[in-house]
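One structure is given here, and the rest of the page talks about it.
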Amino acid sequence: MSAAEEMGRLLDLDRWIERVRAQREHLAEHDELRGVERELASLAERLGALDEERKPTRAAFEEATERAESLRRRKAELEARLSAATAPARELAAMTQELANLARRLSDAEDAEVALLIEIEPMDEVAEQIRASASPLAQRRRDLHEAITQLTSTLDEELASLRSDRERAAAAVPAPWRQRYEDAMARAGVSGAARLDGERCDGCRIALTPLERDRLRSLPEGELMACPSCGRLLVP
Ligand SMILES: [Zn+2]
């Protein structure tokens, strides 16, 4: 291969490395993962707000349940005493009266219990829906993490192999050209050389003036000209 061909090969490898590096940095899976994480965070926030909202109603419901339960116990006790009673008629009448009172209070407590339950149920359903929609998202997040790990490791292997090809290609470029190439690459990024694409430098896409193109055409063998815009060496 001629020196120009060796430099062309180095240029192609550096561009290839840049493409793989960019691909590794901008995986579509990363963008999707960020979206999934945002959605999960917003669901968690809604669930938290809903829990706060449910707290007082749930506490009132538990209180009503306890009250009904204790009234039910007292009513059962009284009923048992009444059926076994051999007390005077006046006492029996008082117990019957108390039993009627208890029954009324129990019925009120049970009504309150049912009313609170009706209030809580739709909130519980919403919470259940939120949990149900979070579950596939959590699975997707696990899958994406796994895919990203795999893709990144594949691309890292590819980069390592390209970089060792690049070492060899750079060593094959004659030393003075190689130094200028590396300097231009340090300044311009991606690669230290470019080709002419029609009238344009294909590194920076800026056209050479007719005068610059004349200069390039009449360069003596073994000499290089840099793109006046980006400073990359123009491969003869
Ligand atoms: Zn250029």
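Just so it is clear, none of the values below were taken in a lab; they were calculated from the coordinates. Since we're looking at a predicted model, the values are computed, not measured. Ideal geometry is used to build each Cβ from the backbone, glycine not excepted, and the neighbour counts take in all protein chains shown.
If I stretch the segment between Arg105 and Glu62 completely, what's the gain in nm (0.36 nm per residue apart, minus their alpha carbon distance), one decimal?
13.8 nm
Just to verify a number: FRET efficiency for Arg131 and Glu37, C-beta to C-beta distance, R0 = 22 Å, to 0.05? Intermediate results must be reported in sequence, preceding the final value.
Values: r = 17 Å, r/R0 = 0.78.
Calculated value: 0.80.
How high is the relative contact order of segment 137-236, in percent, counting Cα pairs under 8 Å that sit 6 or more residues apart?
Relative contact order of segment 137-236: 22 percent.
Determine the distance separating the Cα centre of segment 170-206 from the Cα centre of segment 21-41; give it in Å without decimals.
Centre-to-centre distance over Cα atoms comes out at 33 Å.
Would you calculate the separation in nanometres between label points at Ser70 and Glu158, each defined as 7 Å from the Cα along the Cα-to-beta-carbon direction?
7.2 nm
What is the extension gain from Arg90 to Leu47, computed as 0.36 nm multiplied by their sequence separation minus the C-alpha to C-alpha distance, in nm to one decimal?
9.7 nm
Only Lys, Arg, Asp and Glu count, each charged at its Cβ (+1, +1, -1, -1), so figure out the dipole size of segment 1-116 about its Cα centre, rounded to 20 debye.
Values: 20 positive and 27 negative charges, 168 e Å.
The dipole of segment 1-116 has a size of about 800 debye.
Which value at 222 nm does the chain reach when only helices count, each DSSP H run of 4 or more adding -39,500 (n - 2.57), with the total divided by all residues and rounded to the nearest 500 deg cm²/dmol? List each step's numbers first, then the result.
On the way: 5 runs with 186 residues, N = 236.
Counting only the DSSP helices, I get -29000 deg cm²/dmol.
Given Cα pairs under 8 Å that are at least 6 residues apart, what percent is the relative contact order of the chain? It would help to have the intermediate numbers written out before the result.
Details: 185 pairs, mean separation 70.3, N = 236.
Contact order relative to length: 30 percent.
For the chain, what D do you get in µm² per second when you plug the Kirkwood radius from alpha-carbon pairs into Stokes-Einstein at 37 °C and 0.692 mPa s?
Estimated via Stokes-Einstein, D reaches 127 µm²/s.
For segment 178-219, what's the relative contact order in percent, using C-alpha pairs closer than 8 Å and at least 6 residues apart?
On the way: 29 pairs, mean separation 8.3, N = 42.
After rounding, I find 20 percent.
Please work through the chain and write down the cysteines that have no neighbouring cysteine Cβ at a distance under 4.7 Å.
Cysteines of the chain left without a disulfide-compatible partner: none whatsoever.
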